[in-house]
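One structure is given below, encoded as structure tokens.
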Amino acid sequence: MAMEDPDRKTEVVLLACGSFNPITNMHLRLFELAKDYLHETGKYKVIKGIISPVGDAYKKKGLISADHRVTMAKLATNSSDWVEVDDWESSQSEWLETVKVLRHHHEKLSSPDTTISLQNALPLTKPGRKRKQEPNRHDPIKKKNQSPDGKNVPQVKLLCGSDVLESFGIPNLWKLEDITEIIQNYGLVCISRAGNSIQKFIYESDILWKYKNNIHLVEEWITNDISSTKIRRALRRGQSIRYLVPDVVRAYIEKNDLYSLESEDRNAGVTLAPLQKNASDSKN
């Protein structure tokens with residue numbers, strides 16, 4: 001039986017956007033579940049995971065400062081050899097649509113310097129095995145996922161839970177053209193609980209159905225109901241969050257006394273940035 005050539009697999013970078021208020025063990029599990037699923041297809045090789053906390057301008061109720069949320073995410077991923085935190089989105093003065101964050105990371109990966117650094121990060125050929133020499137060829141036609149210098153560019157896929165996918169149906173939360181670009185150009189890896197009706201949601205949406213082959217549904221058989229909302233609630237009530245978040249994150253929260261009744265009222269009564277922006281755009 002012929003050995004499968006790893007070079008023929010599509011390299012993937014998983015990007016998770018969100019509040020991470022605070023980051024939990026479940027957020028980290030999403031990356032592991034997605035990586036396992038994509039590798040098991042035999043078609044993909046996940047080379048990096050990126051956590052991109054949203055900026056303060058998102059105006060979500062109870063959202064504490066991006067500085068704290070980014071710091072906690074970095075603490076949580078210190079022990080990971082493939083998931084990292086990027087603060088580009090959180091450092092913007094205005095709220096950014098998710099599609100713009102995807103574009104940013106795709107462009108970043110397309111730059112020659114990034115391509116070289118990613119190649120250096122990949123494992124070298126095993127000792128004693130020589131890579132098969134490619135015959136000389138004429139300049140190849142550049143493929144869609146190739147950088148200007150002809151190097152293959154990893155695909156950036158949006159990693160999310162089923163709640164994000166279902167939020168596509170909330171009026172004015174997402175622009176239709178943004179949903180189309182996200183799914184058509186990048187793709188989704190959506191983690192859903194076993195028995196979830198997310199397939200029915202896709203069936204009932206014409207746009208999701210059209211690009212359903214670019215939506216990877218990953219069933220989570222070991223159910224985990226941890227959420228940032230429940231973590232904050234427990235903290236407000238003086239209850240333990242040990243084993244729900246990484247210990248370093250728990251220690252940081254306690255040291256800085258981050259979540260309280262007062263912090264939960266932050267942005268109360270303020271319209272969420274995307275709802276405000278998209279409702280305004282639809283009137284113009």
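The values are calculated or read from the model by the stated rules, or taken from the named source; none is laboratory data. Every value quoted in this text rests on a predicted model; they were computed, and no experiment measured them. Here the Cβ is made from the backbone with ideal geometry for all residues, glycine too, and neighbour counts use every protein chain on show. Side chains are part of the model used for accessible areas, which takes the heavy atoms of the whole protein and leaves out ligands, DNA and RNA. Shrake-Rupley method; radii C 1.70, N 1.55, O 1.52, S 1.80 Å.
Using 0.36 nm times the number of residues separating D36 and Q239, minus their current alpha carbon distance, what extension gain do you get?
Working it through step by step, the gained length comes to 69.8 nm.
Of R236, R69, which has the most accessible area with a 1.4 Å probe, and how do the rest follow in descending order?
Accessible-area ranking of R236, R69, largest first: R236, R69.
For each pair in K35/K61; K74/K230; K59/K255; K59/K230; K35/K210, compute the distance between the two Cα atoms and list the pairs where it is over 27 Å.
K35/K61
Excluding Y44 itself, calculate the net charge of residues whose Cβ lies under 12 Å from the Cβ of Y44, where each Lys or Arg counts +1 and each Asp or Glu counts -1.
+3
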